[in-house]
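Notes follow once the structure below has been shown.
The values are calculated or read from the model by the stated rules, or taken from the named source; none is laboratory data. Since we're looking at a predicted model, the values are computed, not measured. Note that each Cβ is placed from the backbone with ideal geometry, even for glycine, and that neighbours are counted across all protein chains shown.
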Amino acid sequence: MLSVEAQKPPKGKWTTPPFDPRFPNQNQTRNCYQNFLDYHRCVKAMNRRGKSTQPCEYYFRVYHSLCPISWVQRWNQQIQDGTFAGKI
């Protein structure tokens, strides 16, 4: 899990996430949630293989630009508590 400091966006490096054809509607809630799951799945898979988690940064940037901070904090707390409903 990344620390709070590591989760802050680097200065001048944020861009708007590109269009994702899986989520064509204006409401991007599902896009936010799916990228959150994809990030954690990616980190888990890369750590299991002993590789760098650098490729997972894309998902991290996307969900951080789409998701409200309160959701991310709540989901991270649920993951730590073992009560998160998503499959990671």
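Just for segment 75-87: of the residues that are assigned to a loop (DSSP other than H, G, I, E, B) and surrounded by 13 or more Cβ atoms within 10 Å (Cβ to Cβ), which one is modelled with the lowest pLDDT? The selected residue is GLY86.
Has segment 31-45 got any residue that is at pLDDT 95 or above and basic (Lys, Arg)? Yes, there is a match, as at least one residue in segment 31-45 is at pLDDT 95 or above and basic (Lys, Arg). Within segment 24-40, residues that are touching a residue at least 60 places away in the same chain (Cβ under 8 Å) and surrounded by 19 or more Cβ atoms within 10 Å (Cβ to Cβ) reach no partner that is of a type in the set (D, E, K, R) and assigned to a loop (DSSP other than H, G, I, E, B) with beta carbons closer than 8 Å at six or more positions or on different chains. Of all residues in segment 21-72, those that are touching a Phe, Trp or Tyr at 6+ places or on another chain (Cβ under 6 Å), under 15 Å from PHE84 (Cβ atoms) and among the hydroxyl-bearing types (Ser, Thr, Tyr) total 2.
Among the residues of segment 42-74, those identified as part of a helix (DSSP H, G or I) and over 23 Å from THR15 (Cα atoms) are LYS44, ALA45, MET46, ASN47, ARG48, ARG49, ARG74.
How do the pairs read when you match residues in segment 46-74 that are without any contact (Cβ under 8 Å) to a residue 40 or more places away in the chain and buried (at least 18 other Cβ atoms within 10 Å of the Cβ) with residues anywhere that are polar (S, T, N, Q) and not in a loop (DSSP other than H, G, I, E, B), using Cβ under 6 Å and keeping only pairs 6 or more apart or on different chains? Pairs found: TYR59/ASN35; TYR63/ASN35.
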